[in-house]
Amino acid sequence: MVRRNTYGELQKPGRSRTSDLLVPALFILLLALILFSLTLGRYPVPLRQVVHVILTTPLRARFNYTDVYRVVVEIVRMPRILTAVLCGMGLSLCGAAMQGVFRNPLVSPEIMGVSAGASFGGVLAIMLSFTPFGIVGMAFAFGLLALLVAFILARVAGKSNMLALVLSGVIVGAFFGALVGMAQYMADPMVKLPSIVYWILGSFVGATYEKTAIVAGAVLIAGTLLMMLRWRINLLSLGDVDAAALGININALRWVIICLVALIVAAQVSVSGTVGWVGLVIPHLARMLVGPDHTKLLPASAFLGGAYLLAMDDIARSIGSQEIPIGLLTAVIGAPVFAFLFWKLQGRGWARD
Amino acid sequence: MTEKALSFDDLGFAYNTGDWVLRSYSGIVTRGETFSILGPNGCGKTTLLRLLIGALHAQEGSVTHDGRFAFVPQLFQVTFSYTVLDMVLMGRARKVGLFSTPSSRDEEAALGALGRLDLADLAERPFDELSGGQRQLVIFARALATEADILILDEPTSSLDLRNQGIILEWIERLSKKEGLTVVFTTHHPHHAYAVSDTTMLMLGENHYLCGPTHEVMTEAHLHDLYGVELKRLAFEHKGRTMETFVPVYDMERSKGK
């Protein structure tokens, strides 16, 4: 007997395009959070005054130091808020780009050893009693040095494949991580150690417009370039053979992206210490919201990451009498929140096996 | 008439030094023709195609193309759950500027390519949720979206059911005969090569091959050499025409006629 099978209808109608609206919505959320954050703090500033201060910012004239609201909003809070937002945007953007390039959900911007290198640079500068600006400069320089070493290692390995890249990054990261540990071990426990530990844990305390400018420079320039290459990341994520067959210079493109990421990470670590977690998890959350297409994923990650790190910094500076290092808070509060979201959204965006 | 689209000359390749996968392989693919490559598993068909598309570099010999090619890989898996449209859009990589994203023209070309293969309904579906056959067709659509003039297909019919195999073969035929494209493909089905190709290469060994007009190269004796399996050329009538095909002979009890 011949049994007949009826083939079920294959398709459900096309997905709605709500994800197109999500990116602008996240941007608006970020702006709203920035305004709200400006009102937060020891000296409450009503939202109306915040808006007033921003709208009447004298561009050329000197600050009017008699206006308390203006001092609080523009000198005390604004640089810190902008730094937090830019760091969050930069890290998340980098994480999304790196996960795409490496086709691996466990990759974060730190993978190339840049943040470990930058940490060591900063720690070294603290031990040598550099000025705050010197610390920033050393961190930045060592971050890029770490990338250079990783690049040379991958070259020495002969193949520019993923495994060589990841391994050389891990090696460099481990080496600089160990150097940081040794520096901590040898540092004067009364004078240097506390500031080293505090610096490594990460904080936006003491943000100035100079520091903001450093992150802004890196995030705006490298971030814009990453953003412009976002569709190319889709192509890279197909794998080497296929991407090459589509006419992509995979090695050149991959290194350009890694260098841009390194620039952002080095700048971020140099002004605010190691802030882990954000660059790893925000891209996953963004992917669950807008899907895996990097043309939407990169902007969504940036806005979401900016808002997330700003929210964490708001909590860090307003929760108690003493500030909590942001690097701790991002994971302590973030982990349960993301555990819940992962359970809810089932890691959407990655292909099923 | 005999303009060259693609040629490879004295090609030699080894993954590990001295351990040649293929050696002194030469061939010329003429513009507008369909060129099939046959050979048993592991004979280096995929390696040869990768050499042709430049994903591997030969230690010996050279490859020259006279036109743009598009490649359809075998067994396609993705890391991210892209939509079908996103996948096909990626075929536009050469047309989209380094720092830009696909334009509405690219989107039209991608949707057009999907439409040509009757896949328009799948555009918004996640690629990883499709069946193997559907994936193959989508990647085929992606190759069409590149607007290349040389299509290089790695076992385009291998994971498809009979109806979809027929669709792909029809497309190969139509693209080369009506639209003047050059098609190079590998296959495990001699009757597919026999049905649509003009020139056939049989990969008999590391440095041993036969290449020539399909109907001259594909003989029962040569195919037996190639696969170590008996194949019969059958002629039959279909809609008033005499047609020919190859069938493997499996000498088993149940196969015997009454």
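Among the residues of segment B:112-123, is there at least one that is basic (Lys, Arg) and crowded, with 24+ Cβ neighbours inside 10 Å? For segment B:112-123, residues basic (Lys, Arg) and crowded, with 24+ Cβ neighbours inside 10 Å: absent. The requirement of being under 20 Å from A:Ala187 (Cβ atoms) and surrounded by 24 or more Cβ atoms within 10 Å (Cβ to Cβ) is satisfied by A:Ser115. Suppose the filter is modelled with pLDDT of 90 or more and touching a Ser or Thr at 6+ places or on another chain (Cβ under 7 Å); does A:Ile34 pass it? Answer is no for this residue.
In this structure, is B:Ser159 at pLDDT below 85 and either facing another protein chain (nearest Cβ under 10 Å) or buried (at least 21 other Cβ atoms within 10 Å of the Cβ) (or both)? So B:Ser159 fails the test. Close Cβ contacts (under 6 Å, 6 or more residues apart or on different chains) running from residues in segment A:236-261 that are over 23 Å from B:His65 (Cα atoms) to residues that are assigned to a helix (DSSP H, G or I) and of a type in the set (D, E, K, R) comprise A:Leu253/A:Arg232. Screening segment A:203-303 for helices (runs of 4 or more DSSP H) wholly inside it with 2 or more residues that are surrounded by 20 or more Cβ atoms within 10 Å (Cβ to Cβ) and away from chain B (no Cβ under 14 Å) returns the ranges A:209-228, A:250-272, A:278-290.
Filtered by the rule that a residue be surrounded by fewer than 19 Cβ atoms within 10 Å (Cβ to Cβ), in a strand (DSSP E or B) and in contact (Cβ under 8 Å) with a residue 40 or more places away in the chain, segment B:28-40 gives a lone residue, B:Thr30.
Which ones in segment A:121-159 are surrounded by 19 or more Cβ atoms within 10 Å (Cβ to Cβ), within 23 Å of the chain's Cα centre (by Cα) and under 18 Å from A:Asn251 (Cβ atoms)? Answer for segment A:121-159, where residues must be surrounded by 19 or more Cβ atoms within 10 Å (Cβ to Cβ), within 23 Å of the chain's Cα centre (by Cα) and under 18 Å from A:Asn251 (Cβ atoms): A:Leu147, A:Ala150, A:Phe151.
Selection over segment A:66-94 of residues that are in contact with an Asp or Glu (Cβ under 9 Å, 6 or more places away or on another chain) and among the small types (Gly, Ala, Ser) gives a count of 2.
Scanning segment B:174-185 finds one or more residues that are over 25 Å from B:Ala235 (Cβ atoms), touching a residue at least 40 places away in the same chain (Cβ under 8 Å) and more than 12 Å from the chain's Cα centre (by Cα). Output yes when any residue across segment A:114-127 is part of a helix (DSSP H, G or I), out of contact with any strand residue (DSSP E or B) (no Cβ under 9 Å at 6 or more places or on another chain) and closer than 30 Å to B:Val78 by Cβ, and no when none is. Yes, segment A:114-127 has at least one match.
Do we find that B:Ala14 is closer than 25 Å to A:Asp240 by Cα, away from every other protein chain (no Cβ under 14 Å), buried (at least 21 other Cβ atoms within 10 Å of the Cβ) and small (Gly, Ala, Ser) in this structure? No; evaluated as a whole, the condition is false for this residue.
Taking B:Ile172 as the residue in question, decide whether it is buried (at least 19 other Cβ atoms within 10 Å of the Cβ), more than 14 Å from chain A (Cβ to nearest Cβ) and closer than 29 Å to B:Cys43 by Cα. Yes: the conditions hold for B:Ile172. Put simply, of B:Gln59, B:Gln74 the only residue that is under 15 Å from the mean Cα position of the chain (by Cα), over 19 Å from A:Gly247 (Cβ atoms) and surrounded by fewer than 19 Cβ atoms within 10 Å (Cβ to Cβ) is B:Gln74.
For (1) among the aliphatic types (A, V, I, L, M); (2) farther than 23 Å from B:Ala109 by Cα; (3) in contact with a His (Cβ under 8 Å, 6 or more places away or on another chain), each residue gets a yes or a no:
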residue	(1), (2), (3)
B:Leu144	yes, no, no
B:Gln165	no, yes, yes
B:Phe185	no, yes, no
B:Asp198	no, yes, no
B:Leu223	yes, yes, no
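Looking across A:Arg42, A:Arg77, A:Arg70, A:Arg48, one residue alone is part of a loop (DSSP other than H, G, I, E, B), more than 30 Å from A:Ala154 (Cα to Cα) and of a type outside the set (Gly, Ala, Ser). It is A:Arg42. Restricted to helices (runs of 4 or more DSSP H) entirely inside segment B:41-144, no element has at least 2 residues that are at pLDDT below 85 and at the interface with chain A (Cβ under 8 Å from one of its Cβ atoms).
Comparison of B:Phe76, B:Phe69, B:Phe80 shows that the only residue that is in contact (Cβ under 8 Å) with a residue 60 or more places away in the chain and either within 14 Å of B:Pro126 (Cβ to Cβ) or hydroxyl-bearing (Ser, Thr, Tyr) (or both) is B:Phe76.
The values are calculated or read from the model by the stated rules, or taken from the named source; none is laboratory data. These numbers come from a predicted model, not from an experiment. We place every Cβ from the backbone using ideal geometry, glycine too, and count neighbours over all the protein chains shown.
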